[in-house]
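The values are calculated or read from the model by the stated rules, or taken from the named source; none is laboratory data. Predicted model only: the values in this text are computed from it and were never measured. Here the Cβ positions follow ideal geometry from the backbone for every residue, glycine too, while neighbour counts run over all protein chains shown. These area figures cover heavy atoms from the full protein model, side chains too; ligands, DNA and RNA do not enter into them. Shrake-Rupley method; radii C 1.70, N 1.55, O 1.52, S 1.80 Å.
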Amino acid sequence: MRRIERCFERLASENRKALIPFVTAGDPQKEVTVPLMHDMVKAGADIIELGVPFSDPMADGPVIQLACERALAHNTSTRDILDMVKAFRQTDSETPVVLMGYLNPVEVMGYEAFARAAADAGVDGVLLVDLPPEEALEVKPVMDANGLDIIFLVAPTTSDARIKLIGEAGSGYLYYVSLKGVTGSAALNVDEVASRVETIRNLAKLPIGVGFGIKDAESAQAVSRVADGVVVGSALVNQIDKFQKEPAAISGAIGDILSAMRTAMDT
Amino acid sequence: MSERPDFSAFPDASGHFGPYGGCFVSETLMGALDELKAMYERLKDDPQFRADFDYDLAHYVGRPSPLYLAERWSKQVGGANIWLKREDLNHTGAHKVNNTIGQALLAKHMGKPRVIAETGAGQHGVATATVAARLGLKCQVYMGAEDVQRQKLNVYRMKLLGAEVIPVTSGSKTLKDAMNEAMRDWVTNVDDTFYIIGTVAGPHPYPQLVRDFQCIIGREAREQSLKQAGKLPDALVACVGGGSNAIGLFHPFLNDDGVAMYGVEAAGDGIDTGRHAAPLSAGRPGVLHGNRTYLMEDDNGQIIETHSVSAGLDYPGVGPEHSWLKDVGRVQYVAADDQEALSAFRELTRVEGIMPALESSHALAYAKKLAATMSPDQNIVVNLSGRGDKDILTVADIDGIEF
C-alpha cells in the first residue's frame with residue numbers, strides 16, 4: 001500500500017482527520033526546509049505538501065508569490081527539492097510528501113526522469129495546479145509506474161460530470177479548492193464547503209482534502225468535521241515571510257499554529 | 001513537406017495544434033472555458049453573430065484596411081514589390097481591435113458585465129477599453145509597471161476611455177506578469193467577468209477564437225492581392241510577439257503552397273546576447289499561461305525575462321499555432337534586433353510618410369532584407385500591424401530628446 005493511502009486508512013481507524021501543511025521549498029533559505037518538515041510532523045502534520053517554486057505562479061495570491069520569489073532568489077531547483085525530500089526520508093520513512101507546483105519545472109526535466117528521481121527521493125505524490133486530468137494523459141501512467149500518486153483539484157465551479165472524471169483520474173486524495181480565487185484569499189464559508197464535500201463524496205471514492213481560506217484553529221476544526229484532510233498554506237507561509245531575517249524562529253511560529261489546529265481538530 | 005496537413009482543420013477537438021496548445025489552467029477556470037467554448041461553437045457560424053461582427057468591423061473599425069504598394073520604398077530597396085496591409089489605419093491604430101470587437105460580442109452574449117484584459121504596449125488595452133466604453137462594460141486592464149512607464153500615452157488613453165489601469169509589480173513587471181495577474185482576477189471573479197485575451201495564446205479556445213477574429217486581415221489581403229497585383233503574393237511577413245497579427249495574416253494563406261511566410265521575432269540586443277524575446281528562434285517547448293508552446297526558460301523550467309525595444313513583443317511565449325507551424329515547416333521564423341527595427345521605423349517614416357509601430361517595424365526590417373533577394377515581378381505583403389504614434393516618446397528618448 002502506498003504511504004498516502006496508508007495514512008488516510010490509519011487516520012480513519014483512529015477517527016481523526018489529516019492535517020496537511022504547505023510550505024514552499026527553499027523559502028527563505030534551502031537549509032530551513034528539511035528541519036521545518038520534521039518540526040511540522042512533531043507539531044501534528046500528517047502529510048506535507050512541499051511547494052515547488054515557479055516564476056509565474058498564476059493560481060497563487062501574493063503570499064505564495066513572494067515565497068516563490070524568495071526561493072528562486074537563490075535558485076531553488078526541482079533537483080534541490082528532491083534532495084531535501086531524500087534528506088527528510090533518512091529519519092522519517094512514514095510521513096507522505098506531496099510536491100505541489102506548476103507543470104513547467106516538471107516538464108523541463110522530462111516526465112520519466114522526474115518520476116524516477118522523485119520516487120527515488122521518497123516523494124509520494126504530485127499536485128500540479130495547471131494540469132487538469134484532460135492534459136495528464138501522458139504523464140499519469142509515468143507517475144503510476146513509479147508509484148507516485150497524482151492529486152487533482154476540484155473547484156466550486158467543477159460540474160458533477162467533471163468531479164467523476166477527476167475522481168477516476170486521480171489517486172491519493174482529491175484537493176477541494178474551497179473558494180473561487182487564488183491561494184490566501186478571504187475566509188471560506190463552512191456550510192458551503194460541507195455541502196460541496198458531500199456532493200464530491202457521492203461522486204468520487206478518494207479521501208477529500210480541503211484547502212484555500214483555512215487560517216486558524218477554528219476554521220481547521222470546522223473543515224475537519226466535514227472533510228478527510230485540512231490543507232493550510234498561506235497562513236504558514238506568512239510566518240516565513242515575517243521571520244525571513246530570523247529563520248531560527250520560523251519552526252516555532254509555524255509549529256504553534258499547527259499544534260493549535262491539531263488540538264482543535266482532535267477535540 | 002510531402003504530406004501537408006489541412007491547416008484549416010486545427011486546433012483539434014481538444015484544442016491542440018499537434019503537441020502544442022491545450023488547456024493548462026487550474027480547475028476553477030475549466031468550467032468557464034467550457035462555457036466559452038460552447039458559446040463560441042454555437043455563435044461562430046451563426047449568421048446574426050457574423051453579421052454583427054462584420055458590421056462593427058466595417059462601420060466602427062473602418063474595414064477593409066487598404067493594401068498599399070510602398071512603391072518608393074520598394075524601388076529604394078531594389079527587388080520585390082513591398083505591399084503594406086494597413087492595420088495601422090484601423091480605429092485605435094492597430095489590428096488589436098478586430099479581436100476585441102469579437103470578444104466583446106461574446107461577452108455580451110454571455111451576459112458578463114465586466115471585462116478584463118492584459119496589455120503590453122497598451123494597444124490591446126486601448127482596444128479593450130474602447131469596446132468596453134461603447135458597450136457600457138466595466139473594464140480593468142492589467143499592465144506591467146515597467147510598461148506603464150514606457151507607454152504613458154496609452155495608459156492615459158485607457159483612463160480617458162473609462163478603464164482602470166492596474167500596474168503589475170510582480171516578476172519582471174511586463175506583459176507576462178500582467179497576464180498572470182489577469183488570470184488571478186479571472187479565477188476570483190469568474191462569475192461576472194469575461195477575460196479578453198489579446199493574443200493567440202492562453203488556454204483553448206482563446207488561440208482559436210482570437211485567430212478567427214484576426215483572420216479578416218488575411219482574407220482581405222488575399223482578395224486585395226488578387227485584385228491589385230493580379231496574383232497571390234510570393235511572401236508574407238509579420239512580426240510575432242504572441243503572434244495575433246501574424247496568424248491573422250497567415251492563416252487564410254496556409255493552404256496556398258506557393259506563398260512563403262516569415263514570422264519575425266524580436267531579437268532585442270541580439271539573439272546571441274540572450275537579451276531578446278524570440279522563443280521560436282532560441283527557446284524550447286514548455287507550458288505557460290494555459291498552453292504548451294515554445295518558451296524562453298532556464299534549465300530549471302523558470303521563465304526568463306525578455307528584452308525588446310518594443311513592449312508589444314516583450315513576451316517569453318508565443319501562440320501555440322506558431323509553434324506547430326514552425327515544427328511542420330510551413331512558416332519560417334526569423335528575428336530582427338532593436339537597431340534593425342528602429343532603422344526600419346525611421347526609413348518607412350521618411351520614405352513613405354507612414355510611421356509604423358515599433359512592433360511592425362520588426363516585420364519591415366526583415367521584409368527589406370527579403371525583398372532585396374527577390375525580383376521586381378514578385379510581391380511581398382507585410383502586415384503593418386499598428387501605427388507608431390504611441391512609440392514617439394520611446395524613439396525620442398533614444399534620440400536624447402526631452403519634451
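Counting only protein chain heavy atoms and rolling a 1.4 Å probe, the accessible areas of B:Lys138, A:Lys140 rank, largest first, as B:Lys138, A:Lys140. Over the residues of chain B, the helix contribution to mean residue ellipticity at 222 nm works out to -12500 deg cm²/dmol, using -39500 (n - 2.57) for each DSSP H run of at least 4.
Based solely on its DSSP helices, what 222 nm [θ] is calculated for chain A when runs of n ≥ 4 H residues each add -39,500 (n - 2.57) and the sum is averaged over all residues, nearest 500 deg cm²/dmol? Only helices count here, giving -14500 deg cm²/dmol. Taking K and R as +1 and D and E as -1, what net charge do the other residues with C-beta under 10 Å from the C-beta of B:Gly283 add up to? With Lys, Arg at +1 and Asp, Glu at -1, the net is -1. Here the protein assembly as shown is described by how far its Cα atoms reach on the three principal axes: 84, 55, 51 Å, from widest to narrowest. The relative contact order of chain A, computed from alpha carbon pairs under 8 Å that lie at least 6 residues apart in sequence, is 23 percent. Using a ≥ b ≥ c from the Cα gyration tensor of chain A (square roots of the eigenvalues), is it rounded, prolate or oblate, where a/c under 1.5 gives rounded and otherwise the larger of a/b and b/c decides, a/b for prolate? Since a/c stays below 1.5, the shape of chain A is classed as rounded. Here B:Leu135 sits with roughly 60 square angstrom of accessible surface, probe radius 1.4 Å.
The slack between A:Glu198 and A:Glu246, meaning 0.36 nm per residue of separation minus the straight C-alpha distance, is 13.0 nm.
Counting heavy atoms of the protein chains alone, B:Lys159 has an accessible area of about 120 Å² for a 1.4 Å probe. Interface residues of region B:20-63, defined as those with an accessible-area decrease of at least 10 Å² between the chain by itself and the complete set of protein chains (probe 1.4 Å), are B:Cys23, B:Phe24, B:Val25, B:Ser26, B:Glu27, B:Thr28, B:Met30, B:Gly31, B:Asp34. Taking every DSSP bridge with both residues inside region B:229-306, close to 60 percent are antiparallel.
For chain B, the residue among B:Ile401, B:Phe10, B:Gln76 whose Cα projects farthest onto the positive side of the dipole built from Cβ charges is B:Gln76. With each label modelled as a point 7 angstrom along the Cα→C-beta vector, the B:Ala13-A:Ala119 pair spans 3.2 nm. Beta bridges assigned by DSSP with both partners in region A:3-266 are antiparallel in approximately 0 percent of cases.
Taking the Cα centroid of region B:107-171 and of region A:235-260, what is the distance between the two, rounded to the nearest whole Å? Each part reduced to its Cα centre gives a spacing of 39 Å. Just checking the listed ones, B:Pro11, B:Pro376, B:Pro66: in the Gaussian network model of chain B with Cα springs under 10 Å, the one fluctuating most is B:Pro376.
A Förster radius of 56 Å combined with the Cβ-Cβ distance from A:Glu168 to B:Asp272 puts the calculated FRET efficiency at roughly 0.70. Database remark: amide H of B:Ala260 closer than 5 angstrom to the amide H of B:Ala235, B:Leu236 (H placed geometrically; neighbours at sequence offset of 5 or more, or on other chains; Pro and chain starts carry no H).
Heavy-atom accessible surface of the protein assembly as shown, averaged per residue, reaches 35 Å², computed with a 1.4 Å probe. Chain A contacts chain B over a buried accessible area of about 2800 Å², both sides summed; the probe is 1.4 Å and only protein chains count. Note on B:Ile401 and B:Leu153: the extension gain reaches 87.6 nm, defined as 0.36 nm multiplied by sequence separation minus the Cα-Cα distance. Bridges between two residues of the protein assembly as shown, per DSSP, are antiparallel at a rate of about 20%. Counting only C-alpha contacts under 8 Å and six or more residues apart, can you give the relative contact order of chain B as a whole percent? That works out to 21 percent. Think of each Lys and Arg Cβ as +1 and each Asp and Glu Cβ as -1; about the Cα centre, that makes the dipole of chain A roughly 380 debye. Solvent-accessible surface, computed for protein heavy atoms with a probe of 1.4 Å, shrinks by 10 Å² or more for the following residues of region B:151-185 when the other protein chains are added to the isolated chain: B:Ser170, B:Gly171, B:Lys176, B:Asn180, B:Met183, B:Arg184.
Against the criterion of solvent-accessible heavy-atom surface with a 1.4 angstrom probe, B:Glu27, A:Glu69, B:Glu352, B:Glu71 sort, most first, into B:Glu71, A:Glu69, B:Glu352, B:Glu27. Interface burial in region A:119-137 reaches 30 Å² or more for A:Asp130, A:Pro132, A:Glu135, comparing the full protein assembly with the chain by itself; accessible area from heavy atoms with a 1.4 Å probe. Surface composition of the protein assembly as shown: carbon and sulfur make up 51 percent of the accessible area, probe 1.4 Å. Peptide A:54-64 has a mean shielding of 6, counted as Cβ atoms of other protein chains within 10 Å of each residue's Cβ. The heavy atoms of A:Ile214 present about 10 square angstrom of accessible area, all protein chains included, probe 1.4 Å.
Between rounded, prolate and oblate, where does chain B land on the alpha carbon gyration tensor, with a ≥ b ≥ c its root eigenvalues, rounded for a/c under 1.5, else prolate if a/b exceeds b/c? It comes out rounded by the Cα gyration axes.
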